[in-house]
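Just below is one structure, and these are the notes that go with it.
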There are 2 protein chains.
Amino acid sequence: MILKYDEVVRSGIAKQVAENIRSAIMDGRLKVDERLPSEEDLARSFGISRPTVREALKRLAAQNLIHSKRGPTGGNFVKRPDPEGLSKAITGAATLLVGVGAFDIEEIITARRETETICCRLAAERPDPAYLALMEDEIRVQEDKSLSDEDFCASDVRFHRALVDSTGNGPLKLMMYTVIEAFIPITNMIVFRVRERRRVASLHRDILEGIRAGDAARAVAALGQLLDYVSQSYAAALQARENRKLAGSPEA
Amino acid sequence: MILKYDEVVRSGIAKQVAENIRSAIMDGRLKVDERLPSEEDLARSFGISRPTVREALKRLAAQNLIHSKRGPTGGNFVKRPDPEGLSKAITGAATLLVGVGAFDIEEIITARRETETICCRLAAERPDPAYLALMEDEIRVQEDKSLSDEDFCASDVRFHRALVDSTGNGPLKLMMYTVIEAFIPITNMIVFRVRERRRVASLHRDILEGIRAGDAARAVAALGQLLDYVSQSYAAALQARENRKLAGSPEA
DNA sequence: TTTTAAATATAGGTCTGACAAATATCTGCG
DNA sequence: CGCAGATATTTGTCAGACCTATATTTAAAA
């Protein structure tokens, strides 16, 4: 008997059942791809109703821990953890955090500077033609003057994603998804109005060529310039807003 | 009417409702702390049953997007996103990934080296007495010879967490939780058998004193030595296993 | 004999309707 | 005026039923 019913207080049963199963997965009592007992069996063995069991299972499904399949060979199965799904989840949550103003923009820029510097260095150590080509493609996209602001930002994100991927370091990539999917868009959102695309694209090219040449210092320097420019743009945007405020209510 | 019923195909209704509400939260149509319609109202307006609505809501609750309260003033409320909850979620998922062997240990050590180096540098720029004291405490704990292996590892994690927190950079802290809660434990798990505690504690002290003195180079150097040591210990552990294998089946 | 099509059994997906439990608010009595 | 109890609202749980997808088995047809 893998799952046990541990004397539950009379509130949040579904939550507790979910936690019970979750811990079974986490400490390996339930292995990847293993099938859980059917919902009815679970209900019986926990002494609760099937809808309640289902609520618990849905919680786990929402956390990407299990997935379900119908039919005779169906059931609820322990899902193989995948970095892709995790990064999606992180992205969404981090985006919300950013959206609610949990972080200062300057703070975000600092984090970008430090972490992307790492990526440049690692990428330059062992340049991978495949990712170099990806970055090249995006730079070309960014040089297209007819591009919408939205598409330009999207290409910017893809460029930096390629940069991160080219490090070939799985754990680092996992961490960097937050930067790529949440922090880069927010910095773009704020500064893209005042930003000169040619400048950005040209700095992207400097980064690329630095990496291609195995010249980490050059890539890092270009990245530094890029983020300096972003930071200045942000300061300028703040200043402009301040000026509008002063001009808007001088006679008050 | 905030939530609309968008012509749904006949499968995965709960999932789609969850996605509908989720997007309403993500793009701000539902604000933080705002109350959702009662479950019955939701069921009516989506044209589905209440249990199905509840499954959807549970999915969202599992993602920390909403929380519920009973009673007349109760209901389901949009939850304020908190870094704490997010880091918990990341931690769990990353731990699973590590557990399933998704990452190479050397890769993890590299990621630790690069990212924790950042933390040392930022921490040394503006040393914060509060966090210095925390690190000092943990080093003292680690010098206690009667400590269990488990407690030593736990203290190790707390030391590195204090190091990260002392950078004062919110976005960076968010990213580093993965390292702290998932990567550090796994590296510890693998090498703690061959590891000399005195050596580790002493390197921790070097890091601390480097930061205290505002001497980033010294802290970074000590961190490097620490991770070199971890890496060597890992190699030694691998070698030992290899030897056992050879000794175990020589006549085969 | 092989292939195809229909029946069947299994397990998740959804619905209806009900009661339990928590809790803010209202009501009436001291 | 203050407090205890009734009340209403909303989530939490339950029971049992039916629908739907799908693998397997069985039977018919080529």
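The values are calculated or read from the model by the stated rules, or taken from the named source; none is laboratory data. Just so it is clear, the structure is predicted and the values come from calculations on it, not from any experiment. Cβ: placed from backbone, ideal geometry, glycine included. Neighbour counts: every protein chain shown. Each accessible area value is taken on the protein alone, full model and side chains, heavy atoms only, with ligands, DNA and RNA left out. Shrake-Rupley method; radii C 1.70, N 1.55, O 1.52, S 1.80 Å.
Computed quantities for the displayed model
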{"quantity": "Residue list for region A:160-201, filter: hydrophobic (A, V, I, L, M, F, W, C), open to solvent by 10 Å² or more (accessible area, probe 1.4 Å), in a helix (DSSP H, G or I) and in contact (Cβ under 8 Å) with a residue 40 or more places away in the chain", "calculated": "A:186, A:190"}
{"quantity": "Complete set of residues in region B:32-45 that are within 9 Å of DNA strand D (Cβ to nearest atom) and within 19 Å of residue B:14 (Cα to Cα)", "calculated": "B:36, B:37, B:38, B:39, B:40, B:41, B:42"}
{"quantity": "Check on residue A:178, within 12 Å of chain B (Cβ to nearest Cβ), under 15 Å from residue A:227 (Cβ atoms) and of a type outside the set (A, V, I, L, M, F, W, C)", "calculated": "no"}
{"quantity": "Within region B:17-45, tally of residues that are within 11 Å of another protein chain (Cβ to nearest Cβ), more than 16 Å from residue B:61 (Cβ to Cβ) and among the small types (Gly, Ala, Ser)", "calculated": "2"}
{"quantity": "The lone exception for residue A:135 - which of (1) under 23 Å from residue A:87 (Cβ atoms); (2) in a loop (DSSP other than H, G, I, E, B); (3) among the hydrophobic types (A, V, I, L, M, F, W, C) it fails", "calculated": "(2)"}
{"quantity": "Enumeration of residues in region B:229-238 that are small (Gly, Ala, Ser) and open to solvent by less than 40 Å² (accessible area, probe 1.4 Å)", "calculated": "B:231, B:233, B:237"}
{"quantity": "Condition met for residue B:171 (more than 28 Å from residue B:237 (Cβ to Cβ), away from every other protein chain (no Cβ under 14 Å) and not β-branched (Val, Ile, Thr))", "calculated": "no"}
{"quantity": "Residue check, residue A:112 away from DNA strand C (no atom under 16 Å from the Cβ), within 28 Å of residue B:111 (Cα to Cα), of a type outside the set (Ser, Thr, Tyr) and open to solvent by 50 Å² or more (accessible area, probe 1.4 Å)", "calculated": "no"}
{"quantity": "Residues of region A:34-53 that turn out to be touching a strand residue (DSSP E or B) at 6+ places or on another chain (Cβ under 7 Å) and within 23 Å of residue A:81 (Cβ to Cβ), as a count", "calculated": "3"}
{"quantity": "Residue B:48 at pLDDT below 90 and away from chain A (no Cβ under 11 Å)", "calculated": "no"}
{"quantity": "Subset of region A:107-135 [within 10 Å of chain B (Cβ to nearest Cβ) and not β-branched (Val, Ile, Thr)]", "calculated": "A:107, A:111, A:112, A:113, A:114, A:119, A:121, A:122"}
{"quantity": "Candidates B:101, B:71 - the one that is more than 16 Å from DNA strand D (Cβ to nearest atom), surrounded by fewer than 15 Cβ atoms within 10 Å (Cβ to Cβ), over 23 Å from residue B:172 (Cβ atoms) and without any contact (Cβ under 8 Å) to a residue 60 or more places away in the chain", "calculated": "B:101"}
{"quantity": "Within region A:19-38, tally of residues that are open to solvent by less than 30 Å² (accessible area, probe 1.4 Å) and either among the hydroxyl-bearing types (Ser, Thr, Tyr) or under 12 Å from residue A:76 (Cβ atoms) (or both)", "calculated": "4"}
{"quantity": "Matching option when the condition is among the basic types (Lys, Arg), within 16 Å of DNA strand D (Cβ to nearest atom) and either free of Cβ contacts under 8 Å to residues at least 60 places away in the same chain or in contact with a helix residue (DSSP H, G or I) (Cβ under 7 Å, 6 or more places away or on another chain) (or both), among B:59, B:29", "calculated": "B:59"}
{"quantity": "Candidate set: region B:25-78, residues that are of a type outside the set (Ser, Thr, Tyr) and in a strand (DSSP E or B); chosen: the one nearest to DNA strand C (Cβ to nearest atom)", "calculated": "B:69"}
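Matching residues to (1) surrounded by fewer than 16 Cβ atoms within 10 Å (Cβ to Cβ); (2) under 23 Å from the mean Cα position of the chain (by Cα):
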{"residue": "A:204", "(1), (2)": "no, yes"}
{"residue": "A:214", "(1), (2)": "yes, no"}
{"residue": "A:219", "(1), (2)": "no, no"}
{"residue": "A:227", "(1), (2)": "no, yes"}
{"residue": "A:240", "(1), (2)": "yes, no"}
